[in-house]
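What follows is calculated from the coordinates using simple rules that are stated; it is not laboratory data. In this text the structure is predicted, and so the values were computed from the model without any measurement. All Cβ positions, glycine included, derive from the backbone under ideal geometry; neighbour counts span all protein chains shown.
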Amino acid sequence: MVDADARRAAELRALIAEHDWRYHVLDAPTIADVDYDRLYAELKQLEERHPELRVPESPTQRVGGAPAAGFASVAHDPPLLSLDNTYDEAEVREWHQRLLDHLKVSELPSALVAEPKLDGLSCRLVYEQGRLVLGATRGSGEVGEDVTANVRTIRSVPLVLRGQPPARLDVRGEVVVPRAAFEALNRALVAKGEKSYANPRNLAAGTLRQLDPQLVAARPLEFRVWALGKVEGAPLPPCHSAALEWLETLGLKTVRADQAVGGLEEVLAHYRALLVRRDAFPIELDGMVLKVDRFDVQQRLGFTAKSPRFARAFKFPARQATTRIAAIRVQVGRTGTLTPVAELEPVALSGVTITHVTLHNRDECARLGVRVGDTVLIERSGDVIPKVVQVVESAPRGAEPWPFPEHCPACGTKAEQEGDFVAVRCPNEQCPARLQKRLEHLVGRNALDVDGLGERLLQQLVEKGLVRQPADLFRLEDAPLLELERMGEKSVAALQAALRAAHRRPLAAFLYALGIPEIGETAAEQIAHHFETLERVRAATAADVEAIHGLGPSAAASLVAAFAPKSRSAAEVDALLAAGVTPLPAVRASGALEGKTFLFTGTLPTLSRAEAEARVKAQGGTLLSGVSKRLCYLVVGDAPGSKLKKANELGIAVLDEAQFLALLASGPSATAPATAPTAAPGAAS
Ligand code: IVH
């Protein structure tokens with residue numbers, strides 16, 4: 001009986017290890033969660049009945065033991081070296097030339113390997129007779145810390161190797177936290193009022209050195225091998241790429257899937273492709289690592305004091321930097337929202353100089369605890385707009401916490417916070433700052449498009465009381481204009497001409513110009529297209545508006561409220577009409593793309609973006625500004641980025657330029673793919 005139990009326990013251990021491998025290493029599970037749980041529960045019960053079956057390599061023993069008092073030291077042989085960095089292609093070419101010089105050859109006698117540089121924590125694993133016996137941090141490179149108990153909780157680390165493992169195997173790799181898991185964990189920490197982590201690397205580092213394995217097990221750590229260390233009892237593969245391939249047969253997860261092997265030009269091209277895919281990559285990358293593939297050539301090249309000659313990191317532009325907050329000012333928006341903005345000591349970040357960053361709202365200021373004089377970590381990720389991640393060094397003692405203003409800085413009205421909204425607002429409809437913002441929007445390029453009416457001029461018009469509502473712009477006399485700064489006869493005449501031209505703008509531009517909450521350019525265009533005239537828009541009910549494909553109830557309610565009799569905006573529209581600003585009715589484009597929505601991303605091989613968009617509109621199609629379920633087609637060019645990933649997730653049809661042109665020529669039904677392709681044509685894989 002006990003024999004049968006021992007056999008069953010061994011069988012269950014093997015089965016669970018197999019499914020762990022399929023799930024955590026291959027990302028391709030072949031069993032439902034409930035069935036897996038059943039196997040696990042059965043093994044646990046068996047081990048409870050027969051504690052002698054509870055062997056260290058049992059999957060139930062990943063999280064074992066009490067919290068440690070500290071970590072033992074581990075010597076690394078060979079040491080875990082660091083890499084010299086390069087930052088541009090010229091430096092990589094120089095490195096390549098130095099390799100040739102060192103070997104005294106004109107052609108490198110080995111391929112190069114380019115692979116992602118994962119932004120985590122380096123870690124070394126040792127297996128003896130196929131069993132995990134050590135997990136260690138890098139430490140100084142020569143000596144690290146024994147974190148075996150923690151590493152055992154990482155599900156992509158096999159406790160027992162598959163296939164035919166060598167007598168002893170030493171591998172090196174990166175402990176990482178995938179970005180999505182990092183963000184989810186940070187959100188949960190913030191919700192609990194706890195401190196969040198600045199980036200996935202800090203989270204991985206902070207977690208791996210936790211003394212309680214129980215805690216580590218609850219964190220979403222993963223492990224990827226990027227190098228083979230010493231091997232005993234098996235022949236060494238001839239090169240790095242083959243070594244990783246071999247390690248995969250042993251059940252380890254490596255960076256091989258995203259490697260490129262080839263000459264200098266190929267690996268440089270891989271860098272460019274990787275940089276483009278950076279935001280779509282599930283793990284944060286800080287660049288690419290270039291390695292000479294063949295081990296014998298690596299050996300001939302050897303090492304300098306602290307890094308190998310045969311490898312280089314080719315870094316991506318940094319996304320994070322630290323700088324000091326010089327001042328905090330408050331902007332008043334069109335709808336009265338008070339937005340704090342930190343003025344920064346200028347700092348370079350992924351190719352641009354950052355001089356200010358939004359602090360969003362009062363809650364965010366409180367969460368960050370910012371003060372003027374603080375040094376902050378700022379980040380510019382895929383979304384381009386920089387943000388403050390955290391305060392890294394507080395202002396000198398005595399500096400006051402920054403007080404969010406109680407009153408509007410422009411008009412002095414007491415600020416309000418409505419219900420659950422985080423925004424603090426100036427409720428004064430007459431607030432000059434609000435009016436100024438509304439006017440800036442009104443005359444903007446995609447709105448009434450009044451040339452020569454910039455911020456400074458509007459500010460003077462508002463300050464002098466010449467303009468109190470939009471229609472006043474169209475009733476300005478020359479005389480008071482001539483009194484304004486830098487306004488001569490010529491500029492006044494030009495301004496008046498520009499204002500006259502704005503009298504007849506398309507209905508969509510007019511609607512957008514009104515700055516109605518939730519009615520952006522796309523919505524305005526859809527509304528104009530649907531109702532055709534301003535009169536019909538004004539007569540529409542919420543239900544009429546909601547009938548437009550893609551407009552939700554809250555946008556509909558906002559539009560209807562804006563035109564409600566006696567509302568301020570209705571009065572302003574009447575005044576605009578009275579001043580001669582009358583929108584042109586929309587002409588219904590009756591094309592083959594009627595009701596179809598499009599979005600472009602990346603550079604198309606032949607069409608310019610403007611041209612492609614014009615063709616969509618000409619055939620009655622609508623352009624969207626982001627990927628959502630409303631989108632019918634995503635048209636991708638070079639460097640498609642995160643939009644493609646999102647479209648694939650939502651199952652949206654993805655077209656390349658040729659497919660797009662075919663669609664224009666023949667109408668949607670002919671070429672619309674039944675299912676979305678999973679990768680962009682031409683995108684790097
Ligand atoms: S190879 C002797 N490959 O980057 C070779 N390192 O800046 C040493 N890293 O300490 C490193 N991804 O923690 C290598 N594909 C990769 C890597 C990688 C991330 C980390 C590693 C190393 C650091 C060097």
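Taking the beta-carbon count within 10 Å as an exposure proxy, list GLU343, GLU455 from fewest neighbours to most.
GLU455, GLU343
Could I have the simple spin-label model distance between VAL133 and ALA578, label points 7 Å from Cα toward Cβ, reported in nm to one decimal?
If labels sit at VAL133 and ALA578, their model points lie 9.2 nm apart.
Would you kindly state how much longer the chain becomes between ALA198 and ARG568 on full extension, computed as 0.36 nm times their sequence separation minus their alpha carbon distance, in nm to one decimal?
Full extension from ALA198 to ARG568 adds 128.7 nm.
Using +1 at the C-beta of Lys and Arg and -1 at the C-beta of Asp and Glu, which of THR322, ALA311, THR353 has the Cα lying farthest in the positive direction of the dipole of the stretch 269-383?
Selected residue: ALA311.
Label points 7 Å out from Cα along the Cβ direction at ALA658 and ASN446: separation in nm?
So the two model labels end up 3.2 nm from each other.
Can you give the Kirkwood hydrodynamic radius of the stretch 423-510 from its Cα pairs, in Å with one decimal?
Kirkwood radius, the stretch 423-510: 13.6 Å.
Roughly speaking, what is the stretch gain from ALA366 to ALA557, that is 0.36 nm per residue apart minus the C-alpha to C-alpha distance, in nm to one decimal?
65.5 nm
Starting from the amide H of LEU349, placed 1.01 Å from N in the peptide plane, find each other amide H under 5 Å away whose residue is 5 or more places distant or on another chain.
Residues meeting the amide H criterion: ILE354.
By counting other Cβ atoms within 10 Å of each Cβ, how are PHE314, PHE531 ranked from fewest to most?
Result, fewest neighbours first: PHE531, PHE314.
How long are the three semi-axes of the equivalent ellipsoid of the stretch 6-72, in whole Å, if each is the root of 5 times an eigenvalue of the C-alpha gyration tensor, listed from largest down?
Those come to 22, 18, 10 Å.
Taking Rh as the Kirkwood radius computed over C-alpha pairs, what is the Stokes-Einstein D of the stretch 120-206 at 10 °C in a medium of viscosity 1.306 mPa s, expressed in µm² per second? Don't jump to the answer; show the numbers that get you there.
Numbers: Rh = 14.3 Å.
Rounded to a whole number, D works out at 111 µm²/s.
Taking only C-alpha pairs under 8 Å that are 6+ residues apart, what is the relative contact order of the chain in percent?
Over the chain, the number comes to 9 percent.
Any cysteines in the chain with zero other Cys Cβ atoms under 4.7 Å from their Cβ? List them, or say none.
CYS123, CYS239, CYS365, CYS632
What Kirkwood radius, in Å to one decimal, follows from the Cα pairs of the stretch 339-425?
The Cα-based Kirkwood calculation yields 14.3 Å.
Using DSSP to define loop residues, name the trypsin sites (Lys or Arg not before Pro) in the stretch 411-460 whose beta-carbon has at most 12 other beta-carbon atoms within 10 Å. Please list the in-between numbers first.
Values: sites: LYS414, ARG425, ARG434, LYS437, ARG438, ARG445, ARG456; in loops: ARG445.
Within the stretch 411-460, the qualifying trypsin sites (Lys or Arg not before Pro) (loop, at most 12 other Cβ atoms within 10 Å) are ARG445.
At q = 0.16, 0.17, 0.23 Å⁻¹, what base-10 log of I(q)/I(0) does the Debye formula yield for the stretch 275-352 when every alpha carbon is treated as an equal point scatterer in vacuo?
Debye intensities relative to I(0), on a log10 scale: -0.86, -0.90, -1.03.
Rounding to the nearest 20 debye, state how big the charge dipole of the stretch 300-381 is about its Cα centre with +1 on each Lys and Arg Cβ and -1 on each Asp and Glu Cβ.
560
Dividing the Cα convex hull volume of the stretch 277-432 by residue count, how many Å³ per residue is that?
About 162 Å³ per residue, rounded to a whole number.
Please state, rounded to one decimal and in Å, the Kirkwood hydrodynamic radius that the stretch 570-653 gives when every pair of distinct Cα atoms enters the mean of 1/r.
One decimal place: 14.8 Å for the Kirkwood radius.
From the P(r) of the stretch 1-132, could you give the percentage of C-alpha pairs in the tail past 25 Å?
Details: 4857 of 8646 pairs.
Value for the stretch 1-132: 56 percent of Cα pairs lie more than 25 Å apart.
Within a 10 angstrom radius of the beta carbon, how do MET487, MET288 rank from fewest other beta carbons to most?
Ranked by crowding around the Cβ, least crowded first: MET487, MET288.
Work out the P(r) tail for the stretch 217-353: percent of alpha carbon pairs separated by more than 26 Å, whole number.
That tail contains 47 percent of the Cα-Cα pairs.
Select from CYS123, VAL133, HIS76 the residue farthest towards the positive end of the dipole of the stretch 76-148; place +1 on Cβ of Lys and Arg, -1 on Cβ of Asp and Glu, and compute about the Cα centre.
Of the options given, the answer is VAL133.
Please list, ordered by chain and number, the residues whose modelled amide H lies under 5 Å from the amide H of PHE314; skip anything fewer than 5 residues away on the same chain.
Amide H neighbours of PHE314, under 5 Å, 5+ apart: THR86, MET288, VAL289, LEU290.
Over all directions, what mean area does the Cα convex hull of the chain project, stated in square nanometres?
If I average the Cα hull's projected area over directions, I get 39.6 nm².
In debye, nearest 20: dipole of the stretch 494-574 around its Cα centre with unit charges on the Cβ of K, R (+) and D, E (-)?
Approximately 320 debye in magnitude.
In cubic angstrom, how much convex hull volume per residue do the alpha carbon atoms of the stretch 129-270 span?
Hull volume normalised by residue count: 139 Å³.
With each run of n ≥ 4 DSSP H residues scored as -39500 (n - 2.57), what mean residue ellipticity at 222 nm is computed for the chain after dividing by its residue count and rounding to the nearest 500 deg cm²/dmol?
-10000 deg cm²/dmol
Using only Cα atoms, tell me the angle between helix 240-249 and the longest principal axis of the chain; keep it within 0 to 90° and round to the nearest 10.
That works out to roughly 80 degrees.
Just to be sure I understand the model, the point goes 7 Å from the Cα along the line to the Cβ. What's the resulting GLN417 to VAL352 distance in nm?
3.0
Multiply the residue separation of ALA327 and GLU18 by 0.36 nm, subtract the distance between their alpha-carbon atoms, and state the gained length in nm to one decimal.
The ALA327-GLU18 span can extend by a further 105.5 nm.
For LYS629, which lysines qualify as cross-link partners when the Cα separation must be under 19 Å and same-chain residues fewer than eight apart are set aside?
LYS596, LYS643, LYS645, LYS646
For the stretch 152-272, what relative contact order do you get, as a whole percent, if you take Cα pairs closer than 8 Å and at least 6 residues apart?
37
Non-local amide H neighbours of VAL635 (under 5 Å, H modeled in plane, Pro and chain starts lacking H): which ones?
Amide H neighbours of VAL635: LEU599, PHE600, THR601, LEU655.
If I take all pairs of Cα atoms in the stretch 62-152, what percentage of them are more than 23 Å from each other?
In whole percent, the long-distance tail amounts to 48.
What lysines sit close enough to LYS464 to cross-link, taking a C-alpha to C-alpha distance under 26 Å and skipping anything fewer than 8 places away on the same chain?
LYS414, LYS437, LYS490
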